[in-house]
């Protein structure tokens, strides 16, 4: 098993960690189709209950072309996290170049009704064994 890089950001006591994985079997380099899976874990390390309302992803390929994805919840859910609880999900992203990066934010709502954004750490989408690419 290959070592995977984990990217982490903490905002207002809420930790978001992401582990990307290149899906070679789902990719077709000859057709400029590259696919990554990523696993996200959101952990409420704070003192109040929060609900994830929406997501805003910014996906950039190696040519600097930006694709923004916005929508309610994640994978069809709007999880509620009490202090000490975590929520994990897996999703994927295609690119038309062999490397790129993703990052963004989740809009959260506190138990008192306050809306705030938390950071999704920017992470690199690289093919293993292709050498280090500075994004």
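With respect to the conditions (1) exposed (fewer than 14 other Cβ atoms within 10 Å of the Cβ); (2) touching a residue at least 60 places away in the same chain (Cβ under 8 Å); (3) touching a strand residue (DSSP E or B) at 6+ places or on another chain (Cβ under 9 Å), residue 84 lacks only one, and its number is (2). Note on the stretch 95-118: residues that are in contact (Cβ under 8 Å) with a residue 60 or more places away in the chain, crowded, with 17+ Cβ neighbours inside 10 Å and part of a strand (DSSP E or B) amount to 5. Scan the stretch 122-132 and give yes if some residue there is farther than 18 Å from residue 8 by Cα, in contact (Cβ under 8 Å) with a residue 60 or more places away in the chain and surrounded by 15 or more Cβ atoms within 10 Å (Cβ to Cβ), otherwise no. There is at least one residue in the stretch 122-132 that is farther than 18 Å from residue 8 by Cα, in contact (Cβ under 8 Å) with a residue 60 or more places away in the chain and surrounded by 15 or more Cβ atoms within 10 Å (Cβ to Cβ).
Any residue at all in the stretch 100-112 that's farther than 18 Å from residue 11 by Cα and at pLDDT 95 or above? Yes; the residues of the stretch 100-112 include at least one that is farther than 18 Å from residue 11 by Cα and at pLDDT 95 or above. Residue 75 falls short on exactly one of the conditions (1) without any contact (Cβ under 8 Å) to a residue 12 or more places away in the chain; (2) in contact with a strand residue (DSSP E or B) (Cβ under 6 Å, 6 or more places away or on another chain); (3) loosely packed, with under 15 Cβ neighbours inside 10 Å, and that condition is (1).
For residue 33, the criteria (1) within 13 Å of the chain's Cα centre (by Cα); (2) under 20 Å from residue 126 (Cα atoms) hold in every case but one, which is (1).
Among the residues of the stretch 1-21, those identified as under 14 Å from the mean Cα position of the chain (by Cα) and either loosely packed, with under 12 Cβ neighbours inside 10 Å or under 18 Å from residue 124 (Cβ atoms) (or both) are 5, 6, 7, 8, 9, 16, 17, 18, 19, 20, 21.
Considering the conditions (1) more than 13 Å from residue 125 (Cβ to Cβ); (2) surrounded by 12 or more Cβ atoms within 10 Å (Cβ to Cβ); (3) free of Cβ contacts under 8 Å to residues at least 24 places away in the same chain; (4) more than 15 Å from the chain's Cα centre (by Cα), residue 44 is excluded by exactly one of them, (3).
The values are calculated or read from the model by the stated rules, or taken from the named source; none is laboratory data. Just so it is clear, the structure is predicted and the values come from calculations on it, not from any experiment. Positions of Cβ are generated from backbone atoms using ideal geometry, with glycine treated the same way; all protein chains shown enter the neighbour counts.
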